[in-house]
Amino acid sequence: MAQKIDSLKILRIISCLGVVTVHFGARISLSGHLRTVTDFGAYGVYMFFIISGFLGFYSYQYSSSCIQYYLKRFSRIVPLYYAIIIYNIVLYEVILRNNFVVPVDSTHLGWLRYFFFLNKIIPSNKGFWSNLSATWTISYFVFFYLLVPVLYKVINTYNKAVLFVFFCLVLNYFWRTEWFAPITGLYYFGLGIAIYFSINENKENHLIVWACFTGIFFLLFNFNRIYIFSNIFSLLIIAVKEFKVNNSFVNKCVNLLDEYSYTIYLVHAIVIEAIALIDEKQPLSSLQVFMILVAGTVVISFFIHKLVEEPFNKLVRAKT
């Protein structure tokens with residue numbers, strides 16, 4: 001299956017760029033058809049979820065223990081995430097202390113909600129405490145990765161994976177509270193699990209039928225478009241599963257971008273927030289916003305990847 005995973009790198013890169021695009025479009029206040037195009041990038045998050053569902057099971061399959069799996073997964077996402085949170089603490093509590101009043105958290109958890117991934121589990125009445133630097137998805141990833149060892153024991157066939165997806169769909173329909181929001185993300189991770197087993201058991205056609213049937217159901221009953229596009233993304237992943245880049249230069253570029261995709265995913269958000277602060281003092285043109293976004297994201301991503309992510313990953317590899 002190693003070759004089949006190569007195609008996911010490109011989809012992950014596209015998803016990352018889609019998220020960057022939607023934030024860029026919102027920052028420069030695009031309108032009309034261009035805004036429609038950039039806003040579509042928001043669905044890249046759900047492509048990330050589906051791919052993570054697939055790779056979560058794939059990675060666990062080759063882990064010698066539950067502890068090793070957790071170390072590998074969390075060394076990938078937590079160090080950079082914590083670096084972003086620490087940056088925000090320094091920015092808002094120290095640097096901007098005289099110019100920005102940190103809102104009171106109604107639950108009085110404050111920064112602890114970010115360190116313990118509670119920002120989307122325990123709701124707050126202030127957006128500052130739920131999605132600072134576009135980090136709302138991290139609690140979804142952590143929640144899923146914590147569940148993987150249990151899910152892997154329970155869901156061991158394609159049929160069980162489809163039943164799990166159906167169960168999550170029903171659960172989402174009745175989940176009408178902001179509490180413990182990551183549970184609603186299990187539907188998308190579940191699609192990734194179903195894809196994983198469909199490929200393992202050569203049942204891709206079964207999953208195609210399932211995705212088409214449920215997609216029609218979503219359209220007929222006017223479900224949220226997220227569900228429709230998630231089905232389309234599932235079909236896309238199956239369609240390109242055999243795709244492989246043969247050109248060595250292009251392959252190196254794809255590998256490099258994929259290696260930095262998660263870094264860019266988080267770093268670009270703090271650059272966007274910095275641009276917003278600059279824009280309040282000195283209005284920026286769309287071109288200036290674009291140049292600062294690209295240059296800032298590239299430079300910061302490079303250094304934070306080398307200084308934070310790589311050292312932690314090397315340490316974990318040495319231990320495991």
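The values are calculated or read from the model by the stated rules, or taken from the named source; none is laboratory data. Computed from a predicted structure; not experimentally measured. Note: ideal-geometry Cβ built from the backbone for every residue, glycine included; neighbour counts use all protein chains shown. These area figures cover heavy atoms from the full protein model, side chains too; ligands, DNA and RNA do not enter into them. Shrake-Rupley method; radii C 1.70, N 1.55, O 1.52, S 1.80 Å.
Just to be sure, is VAL37 open to solvent by 60 Å² or more (accessible area, probe 1.4 Å), of a type in the set (A, V, I, L, M) and either assigned to a helix (DSSP H, G or I) or out of contact with any Leu (no Cβ under 8 Å at 6 or more places or on another chain) (or both)? Against the criterion (open to solvent by 60 Å² or more (accessible area, probe 1.4 Å), of a type in the set (A, V, I, L, M) and either assigned to a helix (DSSP H, G or I) or out of contact with any Leu (no Cβ under 8 Å at 6 or more places or on another chain) (or both)), VAL37 qualifies. Entry remark, the stretch 180-200: residues being open to solvent by 10 Å² or more (accessible area, probe 1.4 Å), at pLDDT 95 or above and more than 18 Å from the chain's Cα centre (by Cα) number 1 in total.
Taken over the stretch 100-115, the criterion of being without any contact (Cβ under 8 Å) to a residue 24 or more places away in the chain and in contact with a Ser or Thr (Cβ under 9 Å, 6 or more places away or on another chain) is satisfied by SER106, THR107, LEU109, ARG113. Counting only helices (runs of 4 or more DSSP H) that fall entirely inside the stretch 222-317 and contain at least 1 residues that are of a type in the set (D, E, K, R) and surrounded by 15 or more Cβ atoms within 10 Å (Cβ to Cβ), the qualifying elements are 248-281. TRP136 satisfies every condition listed in (1) open to solvent by 30 Å² or more (accessible area, probe 1.4 Å); (2) of a type in the set (Phe, Trp, Tyr); (3) in contact with a helix residue (DSSP H, G or I) (Cβ under 7 Å, 6 or more places away or on another chain) except (3).
I need the full set of residues from the stretch 54-81 which are of a type in the set (A, V, I, L, M) and closer than 20 Å to THR263 by Cα, in order please. Across the stretch 54-81, the qualifying residues are LEU55, LEU71, ILE77, VAL78, LEU80. The criterion of being surrounded by fewer than 18 Cβ atoms within 10 Å (Cβ to Cβ), at pLDDT below 95 and on the phi < 0 side of the Ramachandran plot does not hold for SER75. All of ILE86, ILE50, ILE67 fail the test of being open to solvent by less than 50 Å² (accessible area, probe 1.4 Å) and either part of a helix (DSSP H, G or I) or over 29 Å from LYS126 (Cα atoms) (or both), apart from ILE50.
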